[in-house]
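One structure is given below, encoded as structure tokens.
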There are 2 protein chains.
Amino acid sequence: MGYLQQRIEEEGVIYPGNVLKIDSFLNHQIDPKVMKEIEREFYDYFKNRKVTKVLTVEASGIAPAIMVAARFDVPMLFAKKARPATLNREDAYTAEVFSYTKQTVSEVMVPKAYLSPKDSVLIIDDFLANGEAAMGLVNIVEQARAEVAGVGICVEKSFQPGRARLEEEGLDVYSIVRIAGIDSNRQRITFKDGH
Amino acid sequence: MGYLQQRIEEEGVIYPGNVLKIDSFLNHQIDPKVMKEIEREFYDYFKNRKVTKVLTVEASGIAPAIMVAARFDVPMLFAKKARPATLNREDAYTAEVFSYTKQTVSEVMVPKAYLSPKDSVLIIDDFLANGEAAMGLVNIVEQARAEVAGVGICVEKSFQPGRARLEEEGLDVYSIVRIAGIDSNRQRITFKDGH
């Protein structure tokens, strides 16, 4: 069992509706030991994909993404949820992302200047559930005619359709921890083997 | 001249009102070489302060803060600008931060559980101008009766009062790059020596 999974077992807090909070080491306070494991696992798995850029979405994807980017020695780029005043709409790739939790559609954006058809982009995110954020990032990479090198996820909720949606697009998804089920009543998490 | 200053000279974009955009290597796309310099400089300067935690504010402070935290091997904590549904108001330390650019007051927050009087907290941020965000973070550390180990800033606008405000509080401020002036008309940046 990896260190991230161990911390989830010890400190994960379950809220109604299968919501898992892991704020004490990944999403609000961030443990560097968890980051080191993430960096090592993603590097080992994707190291032959000629990664030229790491892409994530603000804010909780930034920490794992910069650690992985530093390991690959390539730039990290994060999609913003609000357009900066200095970025014109026509200068950005945008994608709509639906939030099941909030029941809202938001837009994420990346300046066109930072992605080119020569890029092989590793997408990194903290969670994968329905796959909305990851699909938005894939959409942005495709708009730039760049290649998706793969998708690296820290914690996958394997009982939700995110992985299947990404795999249907022919993408290679590697998740460090895969959660098979969350039982809100019993406060119990079960894990799936493998990646 | 350090690498961060060199990149600012080469790629910094000046907008009216002394606004400096360095989105291509620090604020939107992030160069791991810049991060390595930041990590090294802050570690060298603050290494004897018994740092137990690194604190920043989302989103652009997260990348430098996690790199520095990983070097110190201590947790990184970021203040959020919106309160998560799972965090009760009474369980959070909050501080108001005024944005001169947007002319708005916003609130930043950290769960009380992640700061204690035993902590020696290194505050890291990407920019220091009027010092509003940094003062908000200092305020949060003080509410927790923890100690501020120091304030590490990537890019300081030395012609604005942020540093003076922090130093009046008796804090040790270390900035990797200090900008003496920005001339919007001539598109010219001048730097201040030292830290």
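The values are calculated or read from the model by the stated rules, or taken from the named source; none is laboratory data. The structure presented is a predicted model; accordingly, all values stated were derived computationally and were not measured. For neighbour counting, all protein chains shown are included, and Cβ atoms are generated from backbone atoms with ideal geometry for every residue, glycine included.
Points worth noting:
- Restricting the stretch A:102-143 to residues that are assigned to a helix (DSSP H, G or I) and among the acidic types (Asp, Glu), the residue that is nearest to the chain's Cα centre (by Cα): A:Glu132
- Residue ID - surrounded by the most Cβ atoms within 10 Å (Cβ to Cβ), chosen from residues in the stretch A:78-99 that are over 17 Å from A:Leu137 (Cβ atoms) and out of contact with any Ser or Thr (no Cβ under 9 Å at 6 or more places or on another chain): A:Leu87
- Qualifying residue in the stretch A:157-171 (condition: within 14 Å of chain B (Cβ to nearest Cβ) and touching a strand residue (DSSP E or B) at 6+ places or on another chain (Cβ under 8 Å)): no
- Failed item, numbered, when A:Thr190 is tested on (1) closer than 17 Å to A:Ala59 by Cα; (2) not in a helix (DSSP H, G or I): (1)
- Some residue of the stretch B:11-18 being more than 8 Å from chain A (Cβ to nearest Cβ), within 16 Å of the chain's Cα centre (by Cα) and surrounded by fewer than 23 Cβ atoms within 10 Å (Cβ to Cβ): no
- Qualifying residue in the stretch B:75-87 (condition: modelled with pLDDT of 95 or more and among the β-branched types (Val, Ile, Thr)): no
- Taking the stretch B:164-189 as the range and being buried (at least 19 other Cβ atoms within 10 Å of the Cβ) and under 23 Å from B:Met76 (Cα atoms) as the test, the residues that pass are B:Leu166, B:Val173, B:Ser175, B:Ile176, B:Val177.
- Leading residue by the ranking (surrounded by the fewest Cβ atoms within 10 Å (Cβ to Cβ)) among those in the stretch B:104-124 that are more than 14 Å from chain A (Cβ to nearest Cβ) and in contact with a strand residue (DSSP E or B) (Cβ under 6 Å, 6 or more places away or on another chain): B:Val105
- Scanning the stretch A:90-123 for residues that are touching a residue at least 12 places away in the same chain (Cβ under 8 Å), over 22 Å from B:Pro84 (Cα atoms) and not polar (S, T, N, Q) yields a count of 17.
- Test set (1) over 17 Å from the mean Cα position of the chain (by Cα); (2) at the interface with another protein chain (Cβ under 9 Å from one of its Cβ atoms); (3) of a type outside the set (Gly, Ala, Ser); (4) assigned to a helix (DSSP H, G or I) - A:Lys36 fails condition number: (1)
- Total residues in the stretch A:43-59, condition part of a helix (DSSP H, G or I) and more than 14 Å from chain B (Cβ to nearest Cβ): 3
- Test: B:Ala95 is outside any helix (DSSP H, G or I) and modelled with pLDDT of 95 or more: yes
- Residue that is closer than 16 Å to A:Ala63 by Cβ and at the interface with chain A (Cβ under 7 Å from one of its Cβ atoms), where the choices are B:Ala79, B:Ala65, B:Ala70: B:Ala70
- In the condition set (1) surrounded by fewer than 22 Cβ atoms within 10 Å (Cβ to Cβ); (2) in contact with a helix residue (DSSP H, G or I) (Cβ under 8 Å, 6 or more places away or on another chain), A:Tyr45 is compliant with all but (2).
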